[in-house]
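Below: the structure, in structure tokens.
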Amino acid sequence: MPYDRIFSTLTFRNLTVKNRIFRSNVAGRFDNYDGTGTQARINWEAKFARGGVGAIISSFVPVHPRGRILPNYATIVSDDRIPFWRALGKVVHEHDCKYILQLSHGGRQRDIPTIDYPVGLSSTARQDPLHGFECEAMTTAQIKESIQAFAEGARRAREAGLDGVELHGANGYLITQFLSSGINDRTDEYGGVLANRARFVREIVQAIRARVGRDFHLQMKISATEFNNALLPEEPPGNTLQDSLEVCKWLVDDGVDAIHVSSGSAFPHPKNPPGDLPVDELRKTYDSLISSGSLALRNYLLFMGRFTSALFKERWETARGPRDRIEGINLPDARAIKQAVGTIPVLCTGGFQTAAIIETAIARGDCDAVSIARPLIANNDLVQQFERGIGRPANPCTYCNKCLVNAPENPLGCYEETRFPSRDAMVQEILSVYRPQTFQ
Ligand SMILES: Cc1cc2nc3c(=O)[nH]c(=O)nc-3n(C[C@H](O)[C@H](O)[C@H](O)COP(=O)(O)O)c2cc1C
Ligand code: SF4
């Protein structure tokens, strides 16, 4: 086997995975408006299981109806959702692939609020600074209700026969909104010093452990460094790596089994997913957000202007950092977290698609496994290519981020036309997720 570290098993406290490549979370609008799941989502996940990844970490799965960020994402808000997740898990398991469900709550960060809850909840009453989505600061009763929703979500994932859960504690969603010194402006026991800001996520972990016990896999995705002022210098910088090291140690004490390292206090963020800002493509889809946020029309006009959009693109890509550092962008933070938490595995996300880089990262002890999103969207069989000794795909992901900016409006898939023989071939590949059509 050419890449023996990638193809060695990884053992967590409650879970063993056949190799070191995890499909990272990728949200797409595959489901019904009310959050019930569809065959298209099963087809989507089956593509990656068939392609050889050791485990799939699901996309954003809301634990509470008020935590939704877009319509058409399958939720885990009630027991009647369990059969769908069981059916999905069964298909994934047929390929000796594990399935970890991402328990999520968007808080104030939403792309298209649904008709049932137009106003988001957050640690703060301040609207998000990029799109201007309205929100209310959560009351203590709402905080407790959300904590229980996470615990119930974990219980339902376990009853569905899935292999574990991940807390979406990264990228600006509700858990980040509590953790972040750049967002959380509360004066009660859930705001202020780091120990208070971490109270929300720690209580979630404790509630999950109380609900599902110690023998069900639970991991935390965290933005190790938030770079909260990356685009808007007037904003505070947010949590530093040092803050996150402390949070990770507390979470290990509370019973978390792994840490998944990401970055950025918002989504998207120049550093996540790290790549280009495809403004030409963004112009076609950002209109769907205009009615949602008080700043969205301003942004749309900015993206429509030739000079303003070029300026914004330049600002975004400067904040991202050098293009040749995209692959493994979060490895320095992962290494620091691994040293701090020692006893539990650390996963790292961000740009991976070269086998030698992944091998070296694992060998050096920077992380125990990597999670991959866009390069697996581009090449569903990336792991099989590595297995055959192909160290980097011949037709790689270009990090153009066209998949990302299409996702709020169009089916998830690779939108980089240069990767396909024709536009029609690209469209056919994107639409292949709807085949087969029947719920089995
Ligand atoms: C279209 C798209 C959707 C995503 N959805 C999620 C999500 O639902 N939850 C999450 O934690 N991260 C999400 N991410 C971030 C990825 O999981 C991943 O961490 C990031 O893209 C960096 O990895 P990559 O360079 O391999 O793409 C998404 C990324 C993309 C491009
Ligand atoms: S559109 Fe395709 S090539 Fe571009 S970032 Fe997404 S997966 Fe990669």
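The values are calculated or read from the model by the stated rules, or taken from the named source; none is laboratory data. Everything quoted here is computed from the prediction, not taken from an experiment. Backbone-built Cβ (ideal geometry, glycine too); neighbour counts: all protein chains shown. Side chains included, ligands, DNA and RNA excluded: accessible areas come from the protein's heavy atoms. Shrake-Rupley method; radii C 1.70, N 1.55, O 1.52, S 1.80 Å.
Figure legend. Inter-residue proximity from region 236-265: first residues among the hydroxyl-bearing types (Ser, Thr, Tyr), second residues more than 16 Å from ligand 1 (Cβ to nearest atom), beta-carbon distance below 6 Å, spacing 6+ or different chains. Indicated pairs: Ser265/Gly182; Ser265/Asn228; Ser265/Gly238. When Ala394 is tested against the conditions (1) open to solvent by less than 20 Å² (accessible area, probe 1.4 Å); (2) over 29 Å from Ala170 (Cβ atoms); (3) not in a helix (DSSP H, G or I), the lone failure is (1).
Apart from one condition, Pro396 fits all of (1) within 12 Å of ligand 1 (Cβ to nearest atom); (2) out of contact with any strand residue (DSSP E or B) (no Cβ under 9 Å at 6 or more places or on another chain); (3) closer than 26 Å to Leu70 by Cβ; (4) at pLDDT 95 or above; the exception is (3).
The residues on offer are Phe227, Phe267, and the sole one that is outside any helix (DSSP H, G or I) and touching a helix residue (DSSP H, G or I) at 6+ places or on another chain (Cβ under 8 Å) is Phe227.
Does Thr349 qualify as being among the hydroxyl-bearing types (Ser, Thr, Tyr), within 10 Å of ligand 1 (Cβ to nearest atom), in contact (Cβ under 8 Å) with a residue 24 or more places away in the chain and out of contact with any Leu (no Cβ under 7 Å at 6 or more places or on another chain)? Yes.
Strands (runs of 3 or more DSSP E) fully within region 106-196 that include at least 2 residues being of a type in the set (A, V, I, L, M) and surrounded by 19 or more Cβ atoms within 10 Å (Cβ to Cβ): 164-169. Residues in region 52-88 that are assigned to a loop (DSSP other than H, G, I, E, B) and within 10 Å of Leu101 (Cα to Cα): 1 in all. Applying the criterion of being hydroxyl-bearing (Ser, Thr, Tyr) and within 12 Å of ligand 1 (Cβ to nearest atom) to the residues of region 255-269, the residue that is surrounded by the fewest Cβ atoms within 10 Å (Cβ to Cβ) is Ser263. Name the pairs: first residue in region 1-19 and closer than 18 Å to Ile357 by Cβ and modelled with pLDDT under 95, second residue buried (at least 20 other Cβ atoms within 10 Å of the Cβ) and not aliphatic (A, V, I, L, M), Cβ to Cβ under 9 Å, at least 6 apart or on different chains? These pairs meet every condition: Pro2/Phe386. The residues listed here are Arg335, Arg315, Arg320, Arg325; of these, the one that is surrounded by fewer than 19 Cβ atoms within 10 Å (Cβ to Cβ) and touching an Asp or Glu at 6+ places or on another chain (Cβ under 9 Å) is Arg335. The residue of region 206-241 that is farthest from Lys271 (Cα to Cα), among those that are open to solvent by less than 30 Å² (accessible area, probe 1.4 Å) and small (Gly, Ala, Ser), is Gly213. Using the structure shown, decide if Glu203 is of a type in the set (D, E, K, R) and under 19 Å from Gln127 (Cβ atoms). It is false that Glu203 is of a type in the set (D, E, K, R) and under 19 Å from Gln127 (Cβ atoms).
Restricting the first member to region 387-400 and to residues that are on the phi > 0 side of the Ramachandran plot, and the second to residues that are aromatic (Phe, Trp, Tyr) and more than 16 Å from ligand 2 (Cβ to nearest atom), the beta-carbon pairs closer than 9 Å and six or more apart or on different chains are Gly389/Tyr3. Being out of contact with any Asp or Glu (no Cβ under 7 Å at 6 or more places or on another chain) and within 11 Å of ligand 2 (Cβ to nearest atom) holds for only one residue in Ala363, Ala425, Ala407, Ala369, and it is Ala407.
When Arg5 is tested against (1) under 22 Å from Val261 (Cα atoms); (2) under 18 Å from the mean Cα position of the chain (by Cα), only condition (2) is not met. Checked across region 305-315, the condition of being out of contact with any strand residue (DSSP E or B) (no Cβ under 6 Å at 6 or more places or on another chain), farther than 18 Å from Asn406 by Cα and touching a residue at least 40 places away in the same chain (Cβ under 8 Å) holds for at least one residue. Ser292 fulfils the conditions (1) in a helix (DSSP H, G or I); (2) under 18 Å from Phe267 (Cβ atoms) except for a single criterion, (1). Scanning region 270-289 for residues that are assigned to a strand (DSSP E or B) and open to solvent by 30 Å² or more (accessible area, probe 1.4 Å) yields one hit, Lys271. Residues in region 16-35 that are outside any loop (DSSP other than H, G, I, E, B) and either in contact with a helix residue (DSSP H, G or I) (Cβ under 9 Å, 6 or more places away or on another chain) or on the phi > 0 side of the Ramachandran plot (or both): Ile21, Arg23. Applying a threshold of 6 Å to beta carbon distances and a minimum spacing of six or more residues, or different chains, the list of pairs starting in region 359-378 at a residue that is under 19 Å from Ile337 (Cα atoms) and open to solvent by less than 10 Å² (accessible area, probe 1.4 Å) and ending at one that is of a type in the set (Gly, Ala, Ser) and part of a helix (DSSP H, G or I) reads Asp366/Ala334; Cys367/Ala334; Cys367/Ala361.
Summed over region 399-428, the residues that are within 15 Å of ligand 1 (Cβ to nearest atom), farther than 20 Å from Ala46 by Cβ and open to solvent by 30 Å² or more (accessible area, probe 1.4 Å) give a count of 4. Filtering region 318-340 for residues that are among the polar types (S, T, N, Q), within 24 Å of Gly255 (Cα to Cα) and either without any contact (Cβ under 8 Å) to a residue 40 or more places away in the chain or in contact with a helix residue (DSSP H, G or I) (Cβ under 9 Å, 6 or more places away or on another chain) (or both) leaves a non-empty set.
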